[in-house]
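Asks: Could you have a look at this structure, given as structure tokens, before my questions?
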Amino acid sequence: MSHLPTIITDLAMILLVAGVTTILFKKINQPLVLGYLIAGFITGPNFSFFPTITDKVNVQSWSEIGVIFLLFALGLEFSFYKLKKVGSTAFVSTAVIICSMLFVGYGVGQLLGWSHMDSIFLGGMLSMSSTAIIIKAFDDLQLRAKSFTEVVFGVLIVEDIAGIAMMVILSTIAVATSGISTTELALSVGRLVFFLVLWFVAGMYLIPTFFKKAQSLMTDETLVVVSIGLCLGMVFLATHLGFSSALGAFIMGSLIAEAPNAEHIEHLVSPIKDLFGAVFFVSVGMMVSPALLADYAIPVAVLVATTILGQLFFSTCGVLAAGQKLHTAVLCGFSLTQIGEFSFILATLGMNLGVTSDFLYPIIVAVSVITTFTTPFFINAAEPAYAKLVKILPQHFLAWLERYTDNNDIKGDQDWKNLLTDYVLHMVIYATLLFAIMLGSSLYLLPYLQDNLQLPYANFIAAAATFLVMAPLLRAILVNRAGSAELFSILWFKRRANHLPLMILILGKVLLASCSLYFIFNDLMGIHGILAFGAIIVAVYFIASSDWLMGEYLRIESRFLVNLNEKHMRKHREAQGREQGHWFDEELYLAYYKVADNSPIIGKTMKQLAVRQYYGCNVLQIRTPQATIDMPGGEVMVTKGANLLLIGSASQLKIMDAAIIQRHLELHRLWGPVTMRQFMLEDHAYAPEQQFLSLAITIDKHSPILGTSLKAADLRQKWSCLVIGLERGAFTITNPNVSLVFEENDLLWVLGKQKMMNTLIREEIL
């Protein structure tokens, strides 16, 4: 308690001075960050005309808490959906900017005679533009509605992610005892990627689900307590594993951002963030020494020029390289000519690690202050600069730029690009989760069973538990082809030359699954050689044939996808209005095919054709001169002269058309594809009993199919209908897998005729 008066006195002085200075800066329409920096300078030891703080240690601790809450708030504003939406433009631009400014910053530091470590950190500080300052400038200049600002914000989003990664890399470099070890650096990046993927997947499944389940029980008070508790818990976990506290805070913020009440949480946490953030920026201002800046006036001037000119040039080049027009690139380049919050955080990191010189911190603060003041002027100068640039540049160069940006979006095979992106993403996630399970089994589970519990056959128990946890993932790896099943089928049927590379991708997934199973049988159970190989074969057969495992995987995956997309999809639907049309009648299409007399499918049953399994679409109707069969079962045979009515998404019908050509199925399209909505409107010409009807059925706690799979429910026979889709939360699944298990509050979409209606009414389903 002896330090309590000192803490209160210092905090009172900091906040009072900060309050007055920010009011003044608000009055003159300047960023509040600058007010905090000035307040820090006034209350710091370098300003003798005002009482100074007495307990620097406690203020430093408060500023570290400020960094945590700043990154936590940044995570709450972050969105994986936004990251996906920004596209390749933001990633390419950011890569060019950061790599170039890192190199330039290091070179300038070396030219100034600074140490190797000072130069490395300087490059990192100069490569990060300020999100807060740019947003403030765009708002003041009323530019938020301009199209180029989307590119700028996309770059800033990716820079936030890059800044987090840079903190880890710089920390690794800083603690290296003798130079920079490439192996050590690669291992640190690998550790970072491993834990980021693990935390993302596990957290995205658990955190939004927790907030959703507990939403009715949480008041504003409990929301704040739980959110900050989770934040600090992740901070502890991150620091325990050797990462920075800022990384843990950002990760937890980004996970909570996907919760249904994330915006409310952000609103509640904002005052706390503002309080501790103010203390952080004030502590930054305390480091400003007029005498030191006077001694380093030339380096400050050099770094200001380097920041402005470097960011302007490389940002423009980066946006151009990403395929944007010269006009957009110039506007973006003139907007990113400053450094800000992340530069302070990196400077704090270097100082806390004791690897940077004392002069670097105040110099960076001075550079940030100057570039903050210049930002609005450079944004206003962008248009005149573009006009002058167009006049100066040669016409043939401008023509080349125009051709480059026009053709940039059509380079390469888009299907292959999408498949490989999806494949790599899935493989990274699967490998991370499987490796995490292996580590948990070998380092924790097996020693606990053997040493603590001293159970007999502990290795077999550990192996069985590991297999049960791994099995749903292995089911997805072995059965779901190479990433996206639809893209795989499109490429498979597009040309025969695609078969070999596609098989190689499948082989990669099989090898991953085999290595995981080998760990279970060899490392845990002690089975070697041919016995281990045989056990792997048996396990693969069991996994691949288990509908229960597939159902479990689909349950986990659907929950993950709901948590990841629900908030944004719900906002989209609310903005559009449900009255504008439901998803199912806009996304599903119908096409009518005639079976030629020489078609190889004549005489085959629906089960043998496996239209849904191979091509993703469903046979809604088989029409022959003798009879019309609606929603044919697996035993129904295709006869000569038959016509097939198929239903599926646009991509699924595309796969069907490609397969018809490559496999010489001799099916000729009579009409279509038409949307399901259009088909239903035209179907009114038939007698009522012949009209197709679509219904949405809510699966509540009294539903007879709750907890059963689509295959086990056998709705085709019981309800005389065809399942065309399912809504889970705001997430939609078209033509769901037969292993999918129905959950409470699912919305099931079915298609049928009057017989279906009679059945549903009789069984009191409706």
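Asks: Answer yes or no as to whether Leu247 is out of contact with any Pro (no Cβ under 6 Å at 6 or more places or on another chain), of a type in the set (A, V, I, L, M) and over 21 Å from Val269 (Cβ atoms).
Replies: Details: out of contact with any Pro (no Cβ under 6 Å at 6 or more places or on another chain): yes; of a type in the set (A, V, I, L, M): yes; over 21 Å from Val269 (Cβ atoms): no.
So Leu247 does not fit the description; no.
Asks: Within the range 689-705, track down each residue that is in contact (Cβ under 8 Å) with a residue 24 or more places away in the chain, part of a loop (DSSP other than H, G, I, E, B) and surrounded by fewer than 16 Cβ atoms within 10 Å (Cβ to Cβ). Break it down into steps so the answer makes sense when it comes.
Replies: Going residue by residue through the range 689-705, those that are in contact (Cβ under 8 Å) with a residue 24 or more places away in the chain are 689-701, 703-705.
Okay, now just the ones that are also part of a loop (DSSP other than H, G, I, E, B), so 691-692, 700-701, 703-705.
Matches in the range 689-705: Gln691, Asp700, Lys701, Pro704.
Asks: Also: Could you give me the residue pairs with C-beta distances under 9 Å whose first residue belongs to the range 607-626 and is over 20 Å from Ser739 (Cα atoms), whose second residue is of a type in the set (Lys, Arg) wherever it lies, and which are 6+ apart or on separate chains?
Replies: Thr624/Lys640
Asks: Could you please find all residues in the range 712-766 being under 30 Å from Ala544 (Cβ atoms) and in a loop (DSSP other than H, G, I, E, B)?
Replies: Those that are under 30 Å from Ala544 (Cβ atoms) and in a loop (DSSP other than H, G, I, E, B): Asp714, Trp719, Gly729, Asn735, Pro736, Asn737, Val738, Ser739, Leu740, Phe742, Glu743, Glu744.
Asks: Might you let me know whether the range 41-48 holds any residue that is in contact with a Pro (Cβ under 9 Å, 6 or more places away or on another chain) and either at pLDDT 75 or above or among the aliphatic types (A, V, I, L, M) (or both)?
Replies: Pass one, the range 41-48, residues in contact with a Pro (Cβ under 9 Å, 6 or more places away or on another chain): 41, 43, 46-47.
Filter once more, keeping what is either at pLDDT 75 or above or among the aliphatic types (A, V, I, L, M) (or both): 41, 43.
Yes; the residues of the range 41-48 include at least one that is in contact with a Pro (Cβ under 9 Å, 6 or more places away or on another chain) and either at pLDDT 75 or above or among the aliphatic types (A, V, I, L, M) (or both).
Asks: Regarding the range 120-136, can at least one residue be identified that is modelled with pLDDT of 75 or more and within 16 Å of Leu331 (Cβ to Cβ)?
Replies: yes
Asks: Kindly establish whether Leu455 is without any contact (Cβ under 8 Å) to a residue 40 or more places away in the chain and within 18 Å of Tyr615 (Cα to Cα). Step through it out loud before you land on a result.
Replies: Details: without any contact (Cβ under 8 Å) to a residue 40 or more places away in the chain: yes; within 18 Å of Tyr615 (Cα to Cα): no.
Considered against the rule, which asks whether it is without any contact (Cβ under 8 Å) to a residue 40 or more places away in the chain and within 18 Å of Tyr615 (Cα to Cα), Leu455 comes out as no.
Asks: What number of residues within the range 350-360 are crowded, with 22+ Cβ neighbours inside 10 Å and not polar (S, T, N, Q)?
Replies: Initial filter on the range 350-360 (crowded, with 22+ Cβ neighbours inside 10 Å): 350, 356, 360.
Within this subset, residues satisfying the condition of being not polar (S, T, N, Q) are 350, 360.
Residues in the range 350-360 being crowded, with 22+ Cβ neighbours inside 10 Å and not polar (S, T, N, Q): 2 in total.
Asks: Within the range 277-295, identify whether any single residue is touching a helix residue (DSSP H, G or I) at 6+ places or on another chain (Cβ under 9 Å), surrounded by fewer than 21 Cβ atoms within 10 Å (Cβ to Cβ) and without any contact (Cβ under 8 Å) to a residue 40 or more places away in the chain, and answer yes or no.
Replies: no
Asks: Can you pull out the residues in the range 381-430 that are at pLDDT 85 or above and closer than 30 Å to Leu141 by Cα?
Replies: Ala381, Ala382, Glu383, Pro384, Ala385, Tyr386, Ala387, Lys388, Leu389, Val390, Lys391, Ile392
Asks: Please go through the range 726-751 and give me each residue that is at negative phi and small (Gly, Ala, Ser), ordered by number. Lay out the reasoning, then the answer.
Replies: At the first step, the residues of the range 726-751 found to be at negative phi are 726-728, 730-734, 736-744, 746-751.
If the condition is that a residue be at negative phi and small (Gly, Ala, Ser), then Ala730, Ser739 are the ones that fit.
Asks: Would you say Ile228 is in the same structural domain as Gly350 (by TED's automatic domain parsing) and within 14 Å of Val67 (Cα to Cα)? Spell out the reasoning first.
Replies: Numbers: in the same structural domain as Gly350 (by TED's automatic domain parsing): yes; within 14 Å of Val67 (Cα to Cα): yes.
Judged against the criteria, Ile228 is a match.
Asks: From the list Leu473, Leu487, Leu491, Leu502, exactly one residue is assigned to a helix (DSSP H, G or I), over 21 Å from Thr734 (Cα atoms) and in contact (Cβ under 8 Å) with a residue 24 or more places away in the chain. Which is it?
Replies: Result: Leu473 is the single residue among Leu473, Leu487, Leu491, Leu502 that is assigned to a helix (DSSP H, G or I), over 21 Å from Thr734 (Cα atoms) and in contact (Cβ under 8 Å) with a residue 24 or more places away in the chain.
Asks: Of Ala347, Ala387, which residue is under 20 Å from Val288 (Cβ atoms) and part of a helix (DSSP H, G or I)?
Replies: Numbers: Ala387 fails: under 20 Å from Val288 (Cβ atoms).
Exactly one residue qualifies, and that residue is Ala347.
Asks: For the range 287-307, enumerate the residues that are part of a loop (DSSP other than H, G, I, E, B) and either within 20 Å of Gln338 (Cβ to Cβ) or in contact with a Phe, Trp or Tyr (Cβ under 7 Å, 6 or more places away or on another chain) (or both). First the steps, then the outcome.
Replies: Step one: filter the range 287-307 for residues part of a loop (DSSP other than H, G, I, E, B), giving 287-289, 296.
Once the filter is applied, which keeps residues that are part of a loop (DSSP other than H, G, I, E, B) and either within 20 Å of Gln338 (Cβ to Cβ) or in contact with a Phe, Trp or Tyr (Cβ under 7 Å, 6 or more places away or on another chain) (or both), the range 287-307 yields Met287, Val288, Tyr296.
Asks: Follow-up question, since we're still on this one. Pull up the range 58-111, narrow it to residues that are aliphatic (A, V, I, L, M) and over 29 Å from the mean Cα position of the chain (by Cα), then point me to the one that is modelled with the lowest pLDDT. Spell out how you get there, then give the answer.
Replies: Taking the range 58-111 as the starting set, the residues that turn out to be aliphatic (A, V, I, L, M) are 59, 65, 67-68, 70-71, 73-74, 76, 83, 86, 90, 92, 95-98, 101-102, 104, 108, 111.
From what is left, the residues that are over 29 Å from the mean Cα position of the chain (by Cα) are 59, 104, 108, 111.
Values: Val59: 72, Val104: 92, Val108: 92, Leu111: 91.
Looking at residues that are aliphatic (A, V, I, L, M) and over 29 Å from the mean Cα position of the chain (by Cα), I get Val59.
Asks: Can you go through Leu232, Leu303, Leu268, Leu217 and tell me which one is in contact (Cβ under 8 Å) with a residue 60 or more places away in the chain, surrounded by fewer than 22 Cβ atoms within 10 Å (Cβ to Cβ) and not aromatic (Phe, Trp, Tyr)? Walk me through how you get there before you give the answer.
Replies: Numbers: Leu303 fails: surrounded by fewer than 22 Cβ atoms within 10 Å (Cβ to Cβ); Leu268 fails: in contact (Cβ under 8 Å) with a residue 60 or more places away in the chain; Leu217 fails: in contact (Cβ under 8 Å) with a residue 60 or more places away in the chain.
Going through Leu232, Leu303, Leu268, Leu217 in turn, just one is in contact (Cβ under 8 Å) with a residue 60 or more places away in the chain, surrounded by fewer than 22 Cβ atoms within 10 Å (Cβ to Cβ) and not aromatic (Phe, Trp, Tyr): Leu232.
Asks: Go through the range 549-584 and give me each residue that's farther than 15 Å from Phe731 by Cβ and modelled with pLDDT of 80 or more.
Replies: Listed by number, the residues that qualify are Leu549, Met550, Gly551, Glu552, Tyr553.
Asks: Can I ask one more? For the range 632-653, which positions are touching a residue at least 60 places away in the same chain (Cβ under 8 Å) and surrounded by fewer than 21 Cβ atoms within 10 Å (Cβ to Cβ)? Step through it out loud before you land on a result.
Replies: Narrowing the range 632-653 to residues touching a residue at least 60 places away in the same chain (Cβ under 8 Å): 633, 647-653.
Selection gives Gly633, Ser649, Ala650, Ser651.
Asks: Moving on to the next point. With the requirement that a residue be crowded, with 24+ Cβ neighbours inside 10 Å and either among the small types (Gly, Ala, Ser) or not assigned by TED's automatic domain parsing to the domain that holds Ile164 (or both), what does the range 235-254 give you?
Replies: Within the range 235-254, Ala246, Gly248, Ala249, Gly253, Ser254 qualify.
Asks: Write out, first by first residue and then by second, each pair whose Cβ atoms fall under 7 Å of each other, whose residues are 6+ apart or on separate chains, and whose first residue, in the range 542-554, is more than 21 Å from Tyr205 (Cβ to Cβ) while the second is outside any helix (DSSP H, G or I).
Replies: Note: pairs meeting the criteria are Asp547/Ser709; Asp547/Ser739.
Asks: Mind checking whether some residue in the range 634-641 is in a strand (DSSP E or B) and among the polar types (S, T, N, Q)? First the steps, then the outcome.
Replies: Narrowing the range 634-641 to residues in a strand (DSSP E or B): 637.
Those still in the list that are among the polar types (S, T, N, Q) too: none.
Scanning the range 634-641, I find no residue that is in a strand (DSSP E or B) and among the polar types (S, T, N, Q), so the answer is no.
The values are calculated or read from the model by the stated rules, or taken from the named source; none is laboratory data. In this text, all values refer to a predicted model and were calculated from it rather than measured experimentally. In this analysis, Cβ positions are derived from the backbone assuming ideal geometry, glycine residues included, and neighbour counts consider all displayed protein chains.
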